[in-house]
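Report on the following structure.
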Amino acid sequence: MNMVETGDLAAAGLRGELKRREPMAHHVSWRAGGAARTAYFPADLDDLIAFLRSLPAAEPVLMTGLGSNLLVRDGGLRGTVIFTQRALRAVRLDHLGVLGGGIYAEAGAASPKVARFAALNELAGAEFLTGIPGTVGGALAMNAGCYGGETWNIVAHVHTVDRAGKRWVRTPEEYAIDYRSVVRREAGGGRQDHREAAPHSSLLTPSRGEEWFLAAVFNLKRGSGAESRAKITELLKRRIAAQPLNEPNAGSVFRNPQGDYAARLIEACGLKGHAIGGAMISDKHANFIVNRGAARGADIEALILLAERSVQEKFGVALEREVRIVGEA
């Protein structure tokens, strides 16, 4: 099947917006990197699924929300990027009971929005999501966490979509979940979801059986809204005090090694404040790389490689990345 052209959207039953050579620097939190060959902004879930079905089977696909853990190389992306955060951001109550209940959150919704919504509805356990700058889809894809909480610890079930446009409902037991890692187990499972409603996920290229997260239902307990709001406020204060939020960044670049901190290791290598081109290892938090105004993707990637090499040579520790690097150099 051939790619849908801009003028053929209506004829193909598509209602979103299709763009060519879309600058990814406009859509990632690092504000750097090349262009996507094709970009699609779906109108809603049905439109996203219809667009997926229109793509050739071999077409590389990247679904992204806020681009908060993504580095696109300066040569850009040869495949198709589907942006979800504008159309697919619903958050609502799901089966609320006396002891607590669920929150249904589409994958394009910002994680802090879920934290605030839970507190507003007297549900506890999602406060840590206020410290995650990306979307629910990204949090699901990498088991994002902070301040003692991890995304999949509160997941009841998830909704996904495959390349054929089929929707599925899956439970945590169907995934191998670890620190900043989520991999679907090969042994089948899941049930097909025929409902009409839901939304987005993260990053994959063509592979057999690939799926993207559309939404999650979080299982939370009844609590005090006032206490949850106070905790959210305290976590925000801690984040502001410790992180370089006034400059474009992608959050933590590396996972923390067991029993240690990536920031400590990088700082001990003398790299805090080290700059290459327009990018710098933050002088506020060494596990952050900031764009000082004119950074290229290559500048940021060079600092990532420098930190990895330096920590390996000095401490014998292989840092593992939290951020995804995609595209052509």
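Looking only at the range 153-168, decide whether some residue is open to solvent by less than 30 Å² (accessible area, probe 1.4 Å), modelled with pLDDT under 95 and among the small types (G, A, S).
Checked against the condition, which is being open to solvent by less than 30 Å² (accessible area, probe 1.4 Å), modelled with pLDDT under 95 and among the small types (G, A, S), the range 153-168 yields at least one hit.
Tally up the residues in the range 45-74 that are at pLDDT below 95, open to solvent by 10 Å² or more (accessible area, probe 1.4 Å) and either of a type in the set (D, E, K, R) or part of a loop (DSSP other than H, G, I, E, B) (or both), please.
11
When R21 is evaluated against the numbered criteria (1) surrounded by fewer than 23 Cβ atoms within 10 Å (Cβ to Cβ); (2) assigned to a loop (DSSP other than H, G, I, E, B), which criterion, by number, is the only one it fails?
Unmet for R21, out of (1) surrounded by fewer than 23 Cβ atoms within 10 Å (Cβ to Cβ); (2) assigned to a loop (DSSP other than H, G, I, E, B): (2).
Can you spot a residue in the range 95-107 that is of a type in the set (D, E, K, R) and in a strand (DSSP E or B)?
yes
Given the criterion among the basic types (K, R), open to solvent by 20 Å² or more (accessible area, probe 1.4 Å) and free of Cβ contacts under 8 Å to residues at least 24 places away in the same chain, identify the matching residue among K284, K221, K314, K237.
Going through K284, K221, K314, K237 in turn, just one is among the basic types (K, R), open to solvent by 20 Å² or more (accessible area, probe 1.4 Å) and free of Cβ contacts under 8 Å to residues at least 24 places away in the same chain: K237.
One line per residue, one yes/no per condition, for (1) over 26 Å from K231 (Cβ atoms); (2) of a type outside the set (V, I, T); (3) surrounded by fewer than 18 Cβ atoms within 10 Å (Cβ to Cβ):
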{"residue": "A124", "(1), (2), (3)": "no, yes, yes"}
{"residue": "E127", "(1), (2), (3)": "no, yes, no"}
{"residue": "L140", "(1), (2), (3)": "no, yes, no"}
{"residue": "Y147", "(1), (2), (3)": "no, yes, yes"}
{"residue": "T151", "(1), (2), (3)": "no, no, no"}
{"residue": "Y179", "(1), (2), (3)": "no, yes, yes"}
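I need a count of the residues in the range 244-274 that are open to solvent by less than 40 Å² (accessible area, probe 1.4 Å), farther than 21 Å from C146 by Cβ and aliphatic (A, V, I, L, M).
So the count comes out to 1.
Looking at (1) more than 18 Å from N69 (Cα to Cα); (2) open to solvent by 40 Å² or more (accessible area, probe 1.4 Å), which one does R296 not meet, given that it meets all the others?
Looking at each condition in turn, R296 falls short on (1).
Tell me, yes or no, whether the range 75-90 has at least one residue that is in contact with a Gly (Cβ under 6 Å, 6 or more places away or on another chain) and surrounded by fewer than 18 Cβ atoms within 10 Å (Cβ to Cβ).
Yes, because at least one residue in the range 75-90 is in contact with a Gly (Cβ under 6 Å, 6 or more places away or on another chain) and surrounded by fewer than 18 Cβ atoms within 10 Å (Cβ to Cβ).
With the requirement that a residue be out of contact with any Pro (no Cβ under 8 Å at 6 or more places or on another chain) and over 23 Å from G131 (Cβ atoms), what does the range 68-82 give you?
V72, R73, D74, G75, G76, V81
When the range 298-329 is examined, which residues are found to be of a type in the set (D, E) and either within 20 Å of G277 (Cα to Cα) or in contact with a His (Cβ under 8 Å, 6 or more places away or on another chain) (or both)?
Residues satisfying the conditions are D299, E301, E308, E328.
The values are calculated or read from the model by the stated rules, or taken from the named source; none is laboratory data. These numbers come from a predicted model, not from an experiment. Neighbour counts are summed over all protein chains in view; Cβ atoms, including those assigned to glycine, are modelled from backbone coordinates with ideal geometry. We work out accessible area using only protein heavy atoms, side chains counted, and drop any ligands, DNA or RNA first. Shrake-Rupley method; radii C 1.70, N 1.55, O 1.52, S 1.80 Å.
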